[in-house]
Every structure is written in structure tokens, then in C-alpha cells.
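Presented below is the structure to which this report refers.
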Amino acid sequence: MAEEKQENPQTNNEDAVAQLQEMIRSSIAEELKKFSQPQEHSDQDRAREELKRVIDPIYKNDFDVAKLNSASAIDESRFYRKNPDAVGMEDKIEEMFVRLAQAGRATSRTAIYEYLLGQEVRSNPDAFVEKLSAKKKAELQKATNASDFGGNSVIREKVDSLKDFDKLSLEELETKLEGITF
């Protein structure tokens, strides 16, 4: 009898585990049935689907154009903010962007900008390099002048141009002293 009492707790545990497993399986099966059964649509859902079926053939293209225009405006502001050098070519970039979009070949402004830069480089590489170096020189000069605040920053820009000051004509003096106030 002592042996039977020891087997009963083990059998009882096995039975409890089996019952728990069966309960979990049935619970999961019930939940799966909820998802596998087709959901009934409410009147509002059916009305929305019917309206979509009627409106889409008529206005879908207009909606797509409005979405494209909205995305294009966002892209345009981001592009010119990130590529300040492209502002000088804005008219050409936008003209080509619109023309390609109308032809169904929408292209990024970055690709158009790089294409136009490539054309400029290929047509006259020396002029392009000269233009870039003049721009860099002007930016460096502007940064140098802005590094010191006050009257000296204006004068520093003019110091080199004031050599042989006493030999200049009145017009040349006015040009050299432009922007300096006394």
C-alpha cells in the first residue's frame, strides 16, 4: 500500500499536467477560430468600400497627382537646404524635374543636379574649375573678414587695396573706400 500512495501523487501530477495542457490547447483553438472566421463588416465599412469603388476610377489619378505634388514640395525644400550650391541652377533643375515628371519619368533633384554639373564640367572643364576656385576664395575671404568683429573687419578687407593710396584718382579712391564709414 505504501507503494500505491507514492504512485498516486505522481499519477495525479501527470493527470493535472495533461488537463492543463488540454485546457491550454482548447483555449488556443478557440482564439484561432476567432481569427480564422471571416469578419463581418459593419455598415460603415461596407459604405467606405462602396464609396472607394465608385470614386477611385474617377479621382484616383487626381489624388496621386496631389500626393506627388506634396512630396515634391517637401523634397524641393530639403534638396535646396542641403545643396546650397544648387540654388544658382534652380530654374534649370526645376524645369527638367517638371518635364521628366510629366513624361512619367520622375527623377530626383539630386540626379538632375549632378547631371547638369556633369554637363557643365564636360562642356568647359577649365571654366568650371576656375569658377569653383573663385567661389572658394570668396568664401575664405568672407570667413576671414567675419572672424574679427568691429571696424577692423571692414578695414582688413580693404588694407591690401589701399597700397599707393596717394597715387589713386578720386574715382579709384571712392571704389577702394566703398563700405568703410568714418
Order of F63, F79, F97 - criterion: other Cβ atoms within 10 Å of each residue's Cβ, fewest first: F63, F79, F97
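Would you mind getting me the FRET efficiency between V121 and I24? Use the beta-carbon distance for r and R0 = 45 Å, nearest 0.05. Numbers along the way, then the final one.
Values: r = 71 Å, r/R0 = 1.57.
Between V121 and I24 the formula returns 0.05.
Could you work out how much longer the chain between S169 and A111 gets when fully extended? Use 0.36 nm per residue separation minus the Cα distance between them, nm to one decimal. Don't jump to the answer; show the numbers that get you there.
Details: separation 58, 0.36 × 58 = 20.88 nm, distance 5.10 nm.
Result: 15.8 nm gained on full extension.
Can you give the Kirkwood hydrodynamic radius for region 57-123, in Å, rounded to one decimal and based on Cα pairs? Let's see the in-between values first.
Values: mean 1/r = 0.0774 Å⁻¹.
Over region 57-123, the inverse of the mean reciprocal pair distance is 12.9 Å.
Determine, from the Cβ-Cβ distance of D62 and V129 and an R0 of 45 Å, the FRET efficiency 1/(1 + (r/R0)^6), rounded to the nearest 0.05.
Values: r = 47 Å, r/R0 = 1.05.
With a Förster radius of 45 Å, E is 0.40.
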Excluding residues on the same chain fewer than 8 positions from K52, give the lysines whose Cα lies under 29 Å from its Cα. K34, K60, K67
Determine, from the Cβ-Cβ distance of I55 and Q102 and an R0 of 22 Å, the FRET efficiency 1/(1 + (r/R0)^6), rounded to the nearest 0.05. 0.35
When only DSSP loop residues count, what trypsin sites (Lys or Arg not before Pro) in region 37-95 have their Cβ near at most 10 other Cβ atoms within 10 Å? none
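FYI, it's all coordinate maths here, none of it is from the lab. Treat the numbers as computed from the prediction; the structure is a model and nothing was measured. Every residue, glycine as well, gets a Cβ built from its backbone with ideal geometry; the counts of neighbours run over all protein chains shown.
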